[in-house]
Structure formats: C-alpha cells, structure tokens
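First comes the structure, then the notes that go with it.
The values are calculated or read from the model by the stated rules, or taken from the named source; none is laboratory data. The structure displayed is predicted, hence computed values, not measured ones. We place every Cβ from the backbone using ideal geometry, glycine too, and count neighbours over all the protein chains shown. Accessible surface is based on the protein model in full, side chains and every heavy atom, while ligands, DNA and RNA are left aside. Shrake-Rupley method; radii C 1.70, N 1.55, O 1.52, S 1.80 Å.
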4 protein chains.
Amino acid sequence: MKPNNWSVLKRKVRFGDCDSAGVIHFHNLLKWAHESWEESIDIYGIPCQDIFPNSNSPQNKNIFPIVNCEANFLAPVRLGDLILIKILPKKINNHLFQVNTFFYKDQIKVAEGKIIHCSLEVNSKLKVKLPDQLERWIEASNINTNLKEC
Amino acid sequence: MKPNNWSVLKRKVRFGDCDSAGVIHFHNLLKWAHESWEESIDIYGIPCQDIFPNSNSPQNKNIFPIVNCEANFLAPVRLGDLILIKILPKKINNHLFQVNTFFYKDQIKVAEGKIIHCSLEVNSKLKVKLPDQLERWIEASNINTNLKEC
Amino acid sequence: MKPNNWSVLKRKVRFGDCDSAGVIHFHNLLKWAHESWEESIDIYGIPCQDIFPNSNSPQNKNIFPIVNCEANFLAPVRLGDLILIKILPKKINNHLFQVNTFFYKDQIKVAEGKIIHCSLEVNSKLKVKLPDQLERWIEASNINTNLKEC
Amino acid sequence: MKPNNWSVLKRKVRFGDCDSAGVIHFHNLLKWAHESWEESIDIYGIPCQDIFPNSNSPQNKNIFPIVNCEANFLAPVRLGDLILIKILPKKINNHLFQVNTFFYKDQIKVAEGKIIHCSLEVNSKLKVKLPDQLERWIEASNINTNLKEC
C-alpha cells in the first residue's frame with residue numbers, strides 16, 4: 001500500500017483555468033480544492049456517491065453543505081505550471097470538518113485553500129456526527145502526514 | 001444622481017449556477033462577488049479597462065491581484081431566487097483594499113463574500129498606492145452606506 | 001405591454017468571462033446562451049422552476065435535456081464589451097425545440113449559439129410534446145420577430 | 001513508446017461538473033474537450049506555452065482562435081462516471097483544423113465534441129498555415145487511430 005497516494009495529487013494548469021491576467025482565475029483555485037478532496041476520498045476508497053448528492057443515490061442520509069471557504073494566493077500560478085496538491089482534512093467538532101489544501105510549484109507553496117463542511121441529516125437538516133468512513137479518512141490522512149514529517 | 005445605484009445590485013440564480021445539491025455551487029458565489037464589484041465600479045463611472053488586465057489597455061500601470069478571498073454560506077441559495085447584493089469596499093492600507101459583498105434573499109442575509117486585492121506596479125511588481133478613482137469609489141461607497149443607516 | 005422585452009437582452013463582458021487570449025472563453029458563450037433563454041422565459045412569465053430541475057419542484061413532469069449545442073465565433077468579444085443578445089426559439093417537432101441566440105456588438109453580429117432540447121417525461125424518459133407555456137413562448141417570440149422585420 | 005497514450009485519456013465526473021439535473025452541465029463537456037486536447041499535445045510533446053496565449057510566451061507568432069464548437073449528448077453522464085476520452089484531430093485546410101473528441105462510458109459512446117480552430121499570425125491577424133508541430137500531432141494521431149482499427 002502506498003501510504004500517501006490519497007493525500008498528494010498533481011495537476012497541470014490549463015488554458016481555461018486562467019483569466020486575462022494570465023494566472024489561475026481566483027475562484028478556480030477553490031474548484032481545484034474541492035475536486036482534490038473528491039479525488040482524495042475516491043483513492044482512499046469512499047465512493048463519491050456516498051458523500052455528494054446525486055440522482056443515483058437518493059437514499060443518502062447525510063448531506064455536507066459548505067459553510068465557509070477561503071483561499072490565499074502567495075505567488076502567481078500560470079498556464080502549464082505543474083502543481084503538487086497536498087490535502088489535509090481536520091475534524092472541528094462532531095458535525096464540522098474542514099479540508100485544507102496546499103498548492104506547491106517547484107516545492108514552493110503558491111496557494112492554499114480551506115473548505116468547511118457541516119454534516120446534516122438530509123430530511124430534518126439537523127446536525128449529525130460525521131459518517132464513520134469520513135472520520136477514518138480524516139484520521140488516516142493526519143497519521144499519514146505526521147509519519148512523513150517524523 | 002442616484003445615491004446608491006452602484007452599491008446595491010440584483011441578480012437571479014440561474015440553472016448553471018447550481019450544483020446537484022440544488023443550491024448555488026460554492027465558488028460561484030465568489031464569481032458573483034467579483035462580477036458585482038465590476039458592475040459597481042462600472043456604474044460609479046470607472047471603466048473596467050482601467051482596472052482589469054486586457055488586450056485593449058496594455059498601457060495600464062497598475063494590476064490588482066487577489067491575495068485572499070473568503071465566503072460564508074448562511075442559508076441555501078436556490079434556482080430562481082432573486083438575490084439583493086450589497087457591496088461595501090474597505091481600504092486596508094496604502095496598497096491593500098477589500099471588497100465585502102453581502103447577499104440577501106427576502107431581506108435575510110444568506111451569504112457573504114470578501115475579496116482582498118493588492119495594488120502593484122505592472123512591471124516592477126512593487127506595491128503602490130491605490131489609484132485615485134478607486135479611492136474615491138471606496139470613500140463614496142462608505143459615505144453612501146453611512147447615510148442610509150442614519 | 002412591451003412587445004420585445006423578452007427576446008432582446010443586454011449583458012456586459014466581465015473579467016472572469018475572458019481567458020488569457022483576452023476574449024470571452026469559448027464555452028462561456030454557450031453559458032450566456034443558456035442564461036439568456038432562462039431570462040427570456042422569466043420575463044415572458046414562465047417560472048424557471050417549471051422548466052429546470054430543482055429541489056423546490058420535485059413534482060415537475062417534464063425534463064428538457066440538451067441533445068446538441070453549437071456556437072459560431074465571428075469576431076472577438078472582449079472585456080467591457082456591451083453585447084446585445086437576441087433570442088429566437090424554433091420548434092423542430094413535437095418533442096424537440098432549439099433556442100437560437102445571436103450576439104451583437106455595435107450592431108455587428110459577433111457570435112451565435114444554438115441549443116437543442118428534447119422534452120421527456122421525467123420518470124419514463126419517454127419523448128413527450130412540449131408543454132403549452134413553452135409552445136406559447138416560441139410562437140410569441142416568432143410573431144414578435146416577424147413584426148419587427150416588417 | 002506507447003503508441004496511443006496521447007489520444008486516449010481518462011477522467012472522472014466530479015460534483016462541480018454537474019448541474020441540478022444530476023448530469024454534466026452541458027458546456028462543461030466542451031471544457032473537457034478543450035482540456036483533453038491540451039493534455040494530448042502535452043503528452044505528445046508540444047509545450048502548451050507554444051500554442052496558447054500566456055504571459056510567459058509573449059513572443060508566440062501564431063494564435064488559434066476558436067471559430068466553431070459543437071457537442072452532441074447521447075446518454076446521461078453522471079457524478080462518479082469514469083469517462084474514456086478519444087481525441088481525433090483533422091486538418092481542414094492550410095489554416096483550419098478541428099479537434100474531435102469522443103466520450104465513452106463502459107464502451108458506450110455517451111457524447112462527442114468538436115472544436116474548430118483557425119491559425120492566425122498574432123499581429124496582422126492574417127490566416128497562416130498550421131505550425132509544423134501541430135501538423136505532426138494531427139498526422140500521428142490519425143496514423144495511430146488507423147493502426148488500431150486494422
């Protein structure tokens with residue numbers, strides 16, 4: 001088993017990602033952040049249909065609306081740049097978790113994103129604890145990161 | 001002169017704004033926030049070509065890259081909702097300003113956005129003071145808001 | 001009654017619409033085309049919730065998936081350009097209709113879009129005739145256009 | 001050398017690709033088509049900075065504006081679907097070429113895209129012949145496809 005394949009991804013900046021300033025258009029970075037955590041849980045083994053609303057799984061019990069998002073831009077991200085993306089989720093409390101995403105170009109951090117999700121029961125819209133498989137992904141991602149930093 | 005036409009806008013949520021959760025896809029709110037301040041300075045009388053990079057005005061001396069953005073989601077924003085958008089810019093220091101955007105549905109605040117821009121000289125990339133016309137728009141927007149709150 | 005307010009719209013090109021070539025990013029024109037027909041039926045008096053899938057109207061009997069779209073680009077569409085948009089829908093047969101969209105800058109046609117929708121019953125996915133209110137919008141739009149051309 | 005690695009790609013449908021009908025939002029398919037040909041020439045060995053306008057390569061002599069695009073939708077493309085993408089470029093004449101893109105799910109064709117580009121000299125905007133490296137990519141892609149069909 002590769003210990004870190006679900007928390008380190010790669011992606012190249014494409015023409016349509018950029019605006020007429022020649023850099024990634026700002027909110028596309030948050031799009032990348034979201035697609036990165038989708039890819040991360042996918043590789044880890046959680047079916048995206050279990051987490052995200054879709055017409056194939058109307059029986060999902062939980063939804064995870066975003067309550068806050070934020071991005072910091074530290075250096076220009078340009079067309080053709082190959083970006084390394086590190087994903088580090090954190091549990092905030094029983095029903096809130098945040099997905100931190102760090103973007104690197106040539107080992108320099110160029111941007112970071114943060115998305116906070118709330119776990120709700122789909123019908124009542126009441127706050128409920130995170131599902132077990134998300135808890136496990138969060139824990140495994142943190143152990144994984146700590147190990148690499150030892 | 002209409003005192004507030006550049007700081008209060010309206011917009012309806014369209015099909016393509018929403019994701020399969022049936023609400024505005026999160027980073028589209030920041031797209032709305034950016035388009036709102038573009039529309040605001042446009043109505044106020046600042047040509048967008050003076051502010052945003054474009055092939056028609058290669059002679060622009062300043063650029064205003066985004067260094068941070070953030071959004072809070074307070075209630076669902078759905079297809080067909082008519083949203084009132086209030087824009088309130090703030091000067092942070094000589095070279096930084098932020099554009100706050102507040103989104104209302106039926107007089108209830110449903111979301112808010114914040115975008116921080118940095119003023120740079122286009123060639124040297126050195127920090128420079130905000131251009132006068134942006135300073136005036138920021139001041140006028142704040143006077144405008146204060147007057148309405150009296 | 002204003003005879004043409006639902007088939008002629010205006011829109012300004014914003015920073016995020018453009019790519020690093022300094023013109024509207026190609027598929028955003030089709031986004032504009034779709035948002036234009038949403039706005040057109042809205043002004044005409046058809047609630048968007050009757051036509052487009054959404055969590056507020058799960059009782060809708062018809063869906064209108066897109067089976068084909070096309071765009072022609074005739075001249076550059078740049079940041080800050082004010083675009084006049086003319087919408088002309090056509091009925092193809094009992095269950096198919098197309099929405100033609102023409103984009104003008106300073107009375108010169110700069111682009112055109114075409115989107116073909118199919119009318120299906122939501123559960124069976126069988127082809128069904130267009131709903132009456134869409135038929136009326138299509139007819140009224142064509143009468144409207146013919147009158148103006150006389 | 002892998003003979004076909006630049007003309008057959010894979011991609012998974014993400015949450016933000018879909019609209020509230022639960023399928024890929026129509027013009028995102030054309031975004032995928034464009035990103036696919038960017039990835040294709042990248043793998044083939046043509047630097048994207050040679051082809052697409054960007055602030056790093058202001059010395060590019062040619063630009064390739066899109067003059068037409070089209071998409072056909074044959075079956076629903078849903079969240080989590082793994083899509084196989086085949087790219088087949090064609091030379092139309094000395095200055096025009098089209099990129100055809102075919103999308104497959106479980107070996108069934110579910111959609112197809114077509115984008116036509118025109119080769120122009122950047123300053124004069126006069127039509128010019130395709131650059132040699134694009135010609136070679138088009139030829140190699142067609143030989144490649146023919147070989148596989150034998």
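Every residue, every condition in (1) assigned to a strand (DSSP E or B); (2) under 30 Å from residue A:48 (Cβ atoms), yes or no:
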{"position": "D:38", "(1), (2)": "no, yes"}
{"position": "D:60", "(1), (2)": "no, no"}
{"position": "D:84", "(1), (2)": "yes, yes"}
{"position": "D:99", "(1), (2)": "yes, yes"}
{"position": "D:104", "(1), (2)": "yes, yes"}
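Consider residue B:74 carefully, then state whether it is under 30 Å from residue A:121 (Cβ atoms), within 9 Å of chain C (Cβ to nearest Cβ) and in contact with a Lys or Arg (Cβ under 8 Å, 6 or more places away or on another chain).
no
Please tell me if residue C:45 is more than 19 Å from the chain's Cα centre (by Cα) and farther than 23 Å from residue D:70 by Cα.
Here the answer is no, as residue C:45 does not meet what is asked.
Does at least one position in region C:106-128 carry a residue that is in contact with a Phe, Trp or Tyr (Cβ under 9 Å, 6 or more places away or on another chain), in a helix (DSSP H, G or I) and open to solvent by less than 80 Å² (accessible area, probe 1.4 Å)?
No, the conditions are met nowhere in region C:106-128.
Quick check on my filter: what residues within region C:108-125 are among the β-branched types (Val, Ile, Thr), within 21 Å of residue C:138 (Cβ to Cβ) and away from chain D (no Cβ under 14 Å)?
none
Please verify whether region B:44-66 includes one or more residues that are open to solvent by less than 40 Å² (accessible area, probe 1.4 Å), more than 13 Å from chain C (Cβ to nearest Cβ) and touching a residue at least 24 places away in the same chain (Cβ under 8 Å).
The answer is yes; a qualifying residue exists.
Given (1) surrounded by 21 or more Cβ atoms within 10 Å (Cβ to Cβ); (2) at positive phi; (3) not β-branched (Val, Ile, Thr), identify the lone condition not met by residue A:33.
It fails just one condition, (2).
Got a number for residues in region B:18-30 being open to solvent by less than 30 Å² (accessible area, probe 1.4 Å), facing another protein chain (nearest Cβ under 9 Å) and outside any loop (DSSP other than H, G, I, E, B)?
6
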